[in-house]
Amino acid sequence: MPSEPTKPTNKASPNIFGAPIATTKPASAFEERNDHPVPRLGIRGSGPYGTNKFYANFFLGNQNSPAYVHPYSLAWSKGQGSTSSWGMGISHTEASQRVYGQTQPETGAAKYFLNPIGIQSLCLSALELGSSTVLTTDSISAHSANVNLLADSKAKPLISFPLVQGMGFVTAIYHGGTPIIQSGVFFKTVTRSNKGPQPGVTKYTFSLEDGKIWHVYGYSAKGDPFDLTVINNRMAKAGKPFNGIVQVTKDPGNAESIIDAAAGAYPVGMVLSGTSSGPKGTYTFAFQKAGFSNVKLLMYALPHHYESFDDVTAKATSTIKLQTTTKGMAKAVIADSWTMIEPNMPISMGFAPWDPTKGPRDTLSDSAIKTITPVALKELSQNVDQQSNQDSMYFSGKALAKFAAICFTTNNLLKNPKLAQNGLSSLKAAFKRFATNKQQFPLYYESAWGGLVSSASYKTGNNGADFGNTFYNDHHFHYGYFIYAAAVVGYLDPSWLTLENVDYINTMVRDISNPSPFDRYFPISRNFDWYHGHSWAHGLYETLDGKDQESSSEDAMAAYAVKMWGRTIKDANMEARGNLMLSVISRSLNQYYLFTAQNKVQPENYIGNKVAGILFENKCDHTTYFGANVEYVQGIHMLPLLPSTKFTRPADFVKQEWATYFDKGRADKVEGGWKGILYGNLATVDPKTAWTFFTDKAFDPSWLDGGASLTWYQAYTAAFM
């Protein structure tokens, strides 16, 4: 039996994000629709559009829920709030302003923490805006968007706000509007500097009643300089229309000279590139810049960025820090590009159990093979067609992935290719229903937003059908299971990799993880957010707390699936992107999602929960969308058990979490598939105890989740004994 390759078979391109997966129309099996239940409010310019991105609230619902740019949040005031402004409200919250939920008795940790919403520290507006004001967006890409305020629906933009994640200044470009600056916190003092920091730049410092300092800079390339008159403690306004830029930034203290030097330049976009050489991967944010070309950008980096900066970027990191909502302390970097390094990408990881130090563990003892083989025989006789024939892409994908893992285990670990082939034949037959798009709710390609969606909400009118797949919820979870299953099938039987089957799976990869603007059918990187270092599961629903994601482990699963599919079809760039994504996820999860006692990023009185629960852009809530049982809240960050599990869930964390919630017989009181999930997780640190559990004669099959098999649990556990 040939072993799996322990490194990529082909060499990746100099830029692993440079080439599209495909530029062709999605396969004809997908019915095309040009409509979608969610209207594209105020969007200008052609699609496809990012659906799971930080700016989405600007084109959803009432268009006035916040966009979390980090460290600032922006919201269209829309005549509301303490200012009654029609401009753009700017907010930044400190750690001292957080609100905490009640203390949980078993851990002493707060049930949730959130940041207050609706504080209008400063609003950038114009005299001409009022009740007819319209908000539009354009230039929408993966990490940036342009938001415009118009006096009415027939007018041209009066103010434009280029938004880029991490921007150090909120920049407003005035196109002939008369600037107004308002505050719901109230001005204490407003001071105009005698000399601007750059030629032609006017600077004001606003000291607010909450004790915070904000600097405002104005520059006009043509016409009169930026000049404000303070009307009262809520408003300052210019005397005449203004063509130029106004920039706002908060001073965290002892930062004025650095901020002054960065005024006048602003980002309008970001281009991502990356490299892969052996286990070392890098990724670079090249910011597209406007304003003063000789001034370097001030951009804020999150903890997982500055922990992995290359030497040049590390040297450009300043002492300026600002608190973020759910991502710890951001640091200001004075540079037009950043490069991050991931030195230990899991390139040797395949389908077999894998350890970060020992690599693949693909050899089982004879006695383990003897124990597991009859289990595999029994499970492969189950009806995969029936189990996968569901009205949910999520549950169907989990069923296919479960059988794919059994087939691999039987073939490679149990060394029984004949039995594996029998199972594989049934799996391929079941897969055909989906590859020909004949499942209960076939997928549509819809061109309104640009993506592959379930027809469920179109046909039923239920916007929550299949977890909101039609509305772009959870695509990386749903399609990730299919991509993983296909990677296994194609590995075990390369003849299955027909043009049709490859195109079908590649269309799913394009939907969740398109690397390139040259693919005009799908947005770039719908789910994975290269700024945050993890994905967002939340689709086209307006939400005050921003995008969110529950299952960090299914996020890792999607990256692992992309890596393995890339390997199976010998697409070296896709495999490299999967390896890099998995590495970045591992780094960011252990800062923001999975907490050891040593975690210094999340609030001290929250890390006792051990997991974030649901992580939003503005809050963390130690719960799930389907219940608050502790096995749900912790377990949703464990499933599915994969070769990548030990990479993203380090042993120290697993041990601490087990001691907090599940040791001393507590795991045995858990019911249903969650019990198997808990013990599968335990196998990563205590395989002997897990093996005893999974091989017990009294083992109840109801302890297996719909995406899990006893064959894989036993084989995974045996591999580490």
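The values are calculated or read from the model by the stated rules, or taken from the named source; none is laboratory data. Source: prediction; values computed, not measured. Heads up, the Cβs are rebuilt from the backbone with ideal geometry, glycines too, and the neighbour counts pull from every protein chain shown.
Here are a few things to note about the model shown:
- Just one of the numbered conditions (1) free of Cβ contacts under 8 Å to residues at least 40 places away in the same chain; (2) assigned to a helix (DSSP H, G or I) is not true of F408: (1).
- Yes/no for E128 being in a loop (DSSP other than H, G, I, E, B), at pLDDT below 95, more than 27 Å from the chain's Cα centre (by Cα) and charged (D, E, K, R): no
- Within segment 60-92, considering residues that are part of a loop (DSSP other than H, G, I, E, B) and aromatic (F, W, Y), the one nearest to T326 (Cα to Cα): Y72
- For segment 277-310, the set of residues classified as touching a residue at least 60 places away in the same chain (Cβ under 8 Å) and among the basic types (K, R) consists of K280 only.
Conditions tested, residue by residue: (1) closer than 14 Å to A255 by Cα; (2) aliphatic (A, V, I, L, M).
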{"residue": "A316", "(1), (2)": "no, yes"}
{"residue": "I320", "(1), (2)": "yes, yes"}
{"residue": "A332", "(1), (2)": "yes, yes"}
{"residue": "E342", "(1), (2)": "no, no"}
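- Residue match in segment 105-113 (condition: assigned by TED's automatic domain parsing to the domain that holds K250, free of Cβ contacts under 8 Å to residues at least 12 places away in the same chain, in a loop (DSSP other than H, G, I, E, B) and over 18 Å from Y55 (Cβ atoms)): yes
- Segment 236-276 - residue that is part of a strand (DSSP E or B) and free of Cβ contacts under 8 Å to residues at least 60 places away in the same chain and, of those, farthest from M340 (Cα to Cα): A236
- Among the residues of segment 619-640, those that are crowded, with 24+ Cβ neighbours inside 10 Å and farther than 20 Å from K675 by Cβ comprise C620, H622.
- Residue within segment 39-48 that is more than 21 Å from the chain's Cα centre (by Cα), more than 26 Å from Y472 (Cβ to Cβ) and not β-branched (V, I, T) present: no
- All told, T357 falls short of being in contact with a helix residue (DSSP H, G or I) (Cβ under 8 Å, 6 or more places away or on another chain), among the β-branched types (V, I, T) and either at pLDDT 95 or above or not in a helix (DSSP H, G or I) (or both).
- For segment 631-650, a residue qualifies if it is touching a residue at least 40 places away in the same chain (Cβ under 8 Å) and of a type in the set (A, V, I, L, M), and the qualifying residues are I636, M638, L639, L641, L642.
- Wholly within segment 621-721, helices (runs of 4 or more DSSP H) carrying at least 2 residues that are basic (K, R): none
- Scoring T313 on the criteria (1) crowded, with 19+ Cβ neighbours inside 10 Å; (2) without any contact (Cβ under 8 Å) to a residue 40 or more places away in the chain; (3) within 19 Å of the chain's Cα centre (by Cα) leaves a single failure, condition (3).
- The residues on offer are S91, S96, and the sole one that is in the same structural domain as P157 (by TED's automatic domain parsing) and loosely packed, with under 14 Cβ neighbours inside 10 Å is S96.
- All positions within segment 489-524 that are of a type outside the set (S, T, Y) and either closer than 10 Å to A561 by Cβ or modelled with pLDDT under 95 (or both): I505, M508, V509, I512
- Scanning segment 360-393 for residues that are surrounded by fewer than 16 Cβ atoms within 10 Å (Cβ to Cβ), among the hydroxyl-bearing types (S, T, Y) and in a helix (DSSP H, G or I) gives a single hit, S367.
- Strands (runs of 3 or more DSSP E) lying entirely in segment 157-225 (those with 1 or more residues that are charged (D, E, K, R) and modelled with pLDDT of 95 or more): 187-192, 201-208
- Yes/no for A330 being under 30 Å from N437 (Cα atoms) and either outside any strand (DSSP E or B) or touching a residue at least 60 places away in the same chain (Cβ under 8 Å) (or both): no
- Test: residue in segment 362-383 that is within 33 Å of the chain's Cα centre (by Cα) and closer than 21 Å to P643 by Cα: yes
- From S13, S28, residue being surrounded by fewer than 22 Cβ atoms within 10 Å (Cβ to Cβ), touching a helix residue (DSSP H, G or I) at 6+ places or on another chain (Cβ under 6 Å) and under 30 Å from K570 (Cβ atoms): S13
- Taken over segment 172-212, the criterion of being farther than 20 Å from I119 by Cβ and of a type in the set (S, T, N, Q) is satisfied by T178, T191, S193, N194, Q198, T202.
- Every residue from segment 35-59 that is outside any loop (DSSP other than H, G, I, E, B) and either surrounded by 23 or more Cβ atoms within 10 Å (Cβ to Cβ) or touching a His at 6+ places or on another chain (Cβ under 8 Å) (or both): A56, N57, F58, F59
- Here T202 qualifies as crowded, with 17+ Cβ neighbours inside 10 Å and among the polar types (S, T, N, Q).
- Checked against the criterion of being in contact with an Asp or Glu (Cβ under 7 Å, 6 or more places away or on another chain), closer than 28 Å to G269 by Cβ and either surrounded by 21 or more Cβ atoms within 10 Å (Cβ to Cβ) or not small (G, A, S) (or both), the candidates P179, P197, P162 yield just one match: P197.
- Test for K250: is it at pLDDT 95 or above, closer than 17 Å to G166 by Cβ and in the same structural domain as H143 (by TED's automatic domain parsing): yes
- So A612, is it in contact (Cβ under 8 Å) with a residue 12 or more places away in the chain, at negative phi and crowded, with 24+ Cβ neighbours inside 10 Å: yes
- Some residue of segment 324-345 being buried (at least 24 other Cβ atoms within 10 Å of the Cβ) and closer than 23 Å to V562 by Cβ: yes
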